[in-house]
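Have a look at the structure below, then the notes.
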Amino acid sequence: MTDTILIFSEDIEFHLLSKHVLMASGYQVILITEEADATTAAIQRSPLAIVLDCRRESSAGVTICKALKNHPKTRSILIVAVVEKGNEAAYIKIVEAGADRVFHRPTDPADVIDFLHHYATNPARLQRYIIELPLTRIDTINRKVFFRDKQVILGQTQYLMLKCLLEIPGKIFRRDELIEAVWPDGTFVDDRTVDVHIGVLRKALREAGAGNMVRTVRGAGYTVDLEWLNSVSVP
């Protein structure tokens, strides 16, 4: 079955180039030009991913990203955003909105294709097992995290980060180790990007009542706070 990619852009050149490159790589492509149509199209088409063209003069990309991540039928869809290089404010806004991968314009289409292919063919998407800690479990086939039997709503990147931390609870993960575990080989990701995604992860955990689960170890990295988990699991 051919994977479908939705593309949202208000720029016709970006539309046409992206469609050509993705179709040449074997994807079915659906173009969206109206902000109001994005969520409906995502529900109806169940795409592998949605590519958001985030322009400096428009907030539509951030608005769409938030809407998709807040809707129960679309929150697990991979969201790839393209922002202007050097526009750190736009970068932070789209990451905080829930984007799973952000590319900077001008973007090499091959990098986007490689990322989508990695996600589509990653064996971890097909493997089912449960990771369990006190009050916490992950169902990896459905990419769902639960705390006190309540689902923690996470984007794909935050899910992969937490999964990595929970697989070896208590281990202190350096930022470069998280980058290697979460992002495809050859993807340039700096420490700042890791910290921003950790912040988004903590916000989601806090909303689920697990705000202290991920602990910063100064000068070393991040870890799951087993002492805290064990303390809150005591009746």
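Here, each number is a calculation from the coordinates, and none is a lab measurement. Remember, it's a predicted structure, so these values are computed and weren't measured experimentally. Ideal geometry is used to build each Cβ from the backbone, glycine not excepted, and the neighbour counts take in all protein chains shown.
Just a few scattered comments:
- Counting every C-alpha pair in the range 1-56, the share spaced more than 17 angstrom apart comes to 31%.
- Given R0 = 30 Å, the distance between the Cβ atoms of Leu226 and His71 translates into a calculated FRET efficiency of 0.35.
- Debye equation applied to the C-alpha atoms of the range 126-233, log10 I(q)/I(0) at 0.10, 0.12, 0.14 Å⁻¹: -0.25, -0.37, -0.51
- For the range 40-48, backbone phi angles converted through the Karplus equation (6.51, -1.76, 1.60; θ = phi - 60°) give residue-by-residue couplings of 4, 5, 5, 5, 6, 9, 6, x, 5 Hz, Gly and Pro being listed as x.
- Between the helical axis of 88-97 and the longest alpha-carbon principal axis of the chain there is an angle of about 70 degrees.
- Length released on extending from Ile113 to Lys171, taking residue separation times 0.36 nm less the Cα-Cα span: 17.6 nm
- Centroid-to-centroid, using Cα positions, the range 169-198 and the range 7-86 are 25 Å apart.
- Pairs of alpha carbons in the range 65-188 whose separation is greater than 24 Å (percent): 31 percent
- Placing one equal scatterer on every Cα of the range 4-121 and applying the Debye formula, the log10 ratio I(q)/I(0) at q = 0.14, 0.18, 0.20 Å⁻¹ is -0.50, -0.86, -1.10.
- log₁₀ of I(q)/I(0) at q = 0.18, 0.22, 0.27 Å⁻¹ - the range 165-226, Debye sum with one point per alpha carbon: -0.64, -0.94, -1.26
- Computed FRET value (nearest 0.05) for Thr2 with Glu88, which takes r as the C-beta separation and R₀ as 41 Å: 0.70
- Nearest-20 debye value, the chain charge dipole, Cβ charges on Lys, Arg, Asp, Glu: 860 debye
- Student exercise, the range 4-121 dipole from Lys, Arg, Asp, Glu Cβ charges, in Debye to nearest 20: 400 debye
- Here the chain has an Rg and Dmax of 17.8, 59 Å, counting Cα atoms alone.
- Cross-link partners for Lys66 among the lysines, with Cα-Cα distance under 17 Å and sequence neighbours closer than 8 places in the same chain left out: Lys93, Lys203.
- The chain: most fluctuating residue of Lys150, Lys93, Lys19 per GNM, C-alpha cutoff 10 Å: Lys150
- Vicinal HN-Hα couplings computed from phi for the range 13-22 (Karplus, 6.51 cos²θ - 1.76 cosθ + 1.60; Hz; Gly/Pro x): 5, 4, 3, 5, 5, 4, 4, 4, 5, 5
- Working note: Karplus 6.51/-1.76/1.60 with θ = phi - 60° gives the range 167-172 the couplings 5, 10, x, x, 6, 8 Hz, where Gly and Pro are set to x.
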